[in-house]
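Take a look at the structure below.
The values are calculated or read from the model by the stated rules, or taken from the named source; none is laboratory data. Only a predicted model underlies this, so the values are computations on that prediction, with no experimental measurement involved. Every residue, glycine among them, receives a Cβ derived from its backbone with ideal geometry; neighbour counts consider all protein chains shown.
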Amino acid sequence: MADYSESEPAPEPEPTPTQTPAKKKREGKPMTDAQKKALTKHMEKPEQKAMDSKGRKSHRMKMMVRMRKGMSVDKAHKDITQA
């Protein structure tokens, strides 16, 4: 051990950085069969079929996100079209 005089304080140990636990990824909540059928029926409507393929896919993905959160097809569609 080192011998320190009273005029010279002992060096303080370096603080160890506190590590925050890594965030867990959100676990996906799968759609129920009823939700899948309702979305398929919604996408077969003429106004949805009139979209180009990129627009249809984008609309479908947006609908799926909202429906996984618990929205109905109608509420999800209104939420997308109002935004």
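Once segment 1-56 is narrowed to residues that are of a type in the set (S, T, N, Q) and touching a Lys or Arg at 6+ places or on another chain (Cβ under 9 Å), the residue that is modelled with the highest pLDDT is GLN35.
Looking only at segment 51-75, filter to residues that are small (Gly, Ala, Ser) and under 21 Å from the mean Cα position of the chain (by Cα); which one of those is farthest from LYS36 (Cα to Cα)? Among residues in segment 51-75 that are small (Gly, Ala, Ser) and under 21 Å from the mean Cα position of the chain (by Cα), the one farthest from LYS36 (Cα to Cα) is SER58. Within segment 71-82, restricting attention to residues that are polar (S, T, N, Q) and in a helix (DSSP H, G or I), the residue that is surrounded by the most Cβ atoms within 10 Å (Cβ to Cβ) is THR81. When restricted to residues that are of a type outside the set (Lys, Arg), outside any helix (DSSP H, G or I) and without any contact (Cβ under 8 Å) to a residue 40 or more places away in the chain, segment 28-70 contains 8.
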